[in-house]
1. Taking the Cβ of Ser19 as the centre, find all other residues whose Cβ is under 12 Å away and add up their charges (Lys, Arg: +1; Asp, Glu: -1).
2. State the antiparallel share, in %, of DSSP beta bridges confined to the chain, rounding to the nearest 5.
3. How large is the helix-only mean residue ellipticity at 222 nm for the chain, computed as the sum of -39500 (n - 2.57) over DSSP H runs with n ≥ 4, divided by its residue count, in deg cm²/dmol to the nearest 500?
4. If you put +1 on each Lys and Arg Cβ and -1 on each Asp and Glu Cβ, how big is the dipole of region 57-176 around its Cα centre, in Debye rounded to 20?
5. How large, in Å, is region 1-58 by the Kirkwood hydrodynamic radius built from its alpha-carbon pairs?
6. What area, in nm² and to one decimal, does the C-alpha convex hull of region 7-161 cast on average over all directions?
7. Comparing His53, His140, His29, which has the greatest mean-square fluctuation in the GNM of the chain with Cα pairs linked when under 10 Å apart?
8. Over the chain, what relative contact order in percent results from Cα pairs under 8 Å that are six or more residues apart?
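Laboratory data are not the source of any read-out in this text; all were calculated from the coordinates shown. What you see is a predicted model, and the numbers here were worked out from it, not measured in a lab. In this analysis, Cβ positions are derived from the backbone assuming ideal geometry, glycine residues included, and neighbour counts consider all displayed protein chains.
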Amino acid sequence: MTENRYITLVTGGARSGKSALAERLVARHGLPRIYIATAESRDSEMSERIAQHQSRRGESWITVEEPVALDRALRETDGRGVRLVDCLTLWLANCMDSADVEGLVLTLRQQRMPVVLVTNELGQGIVPGNEMARRFRDRHGWMNQAVAGIADEVWMSVSGQPLRLKPAREEIDALF
């Protein structure tokens with residue numbers, strides 16, 4: 001891999017292996033590794049999840065904790081190595097209605113070095129029972145579409161198995 005801008009999106013369900021896949025995709029760049037963490041340790045269960053991620057990564061990663069100002073964290077770390085953002089779902093939840101997805105997409109387009117982003121796939125379940133949850137699910141789906149639209153690669157992890165969605169073997173437009 002080169003040091004040029006290269007955007008990779010990794011999606012999947014809870015405990016699907018998406019973070020581990022993202023870490024493997026980061027490693028192929030052969031650059032210093034920067035982990036941009038959007039999670040906040042608000043209870044013991046989340047603290048344990050964070051500790052598991054940190055343990056799996058080891059000490060070769062630089063960690064930047066940024067639950068809200070993701071665009072700023074990306075700008076400040078650009079040029080220092082390949083960045084892994086884990087995860088967009090938590091970032092969106094942290095920001096709620098103030099999340100600037102268009103600003104994030106613009107920042108990603110301006111990056112000089114690779115970025116791998118992790119997100120959840122929320123839209124495959126039942127329709128949430130309340131308006132706020134439906135609004136979040138919808139915003140999340142639109143965010144995923146926007147980031148996937150500019151990504152060079154999109155991967156999905158299902159039961160620990162990686163599926164490359166983009167670039168596909170055949171572009172759908174070529175079929176019609």
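1. +4
2. 20 percent
3. -12000 deg cm²/dmol
4. About 100 debye.
5. This gives a value of 13.1 Å.
6. Computed as one quarter of the Cα hull surface, the answer is 8.9 nm².
7. His53
8. Taking the mean separation of contacting Cα pairs over the length of the chain, I get 35 percent.
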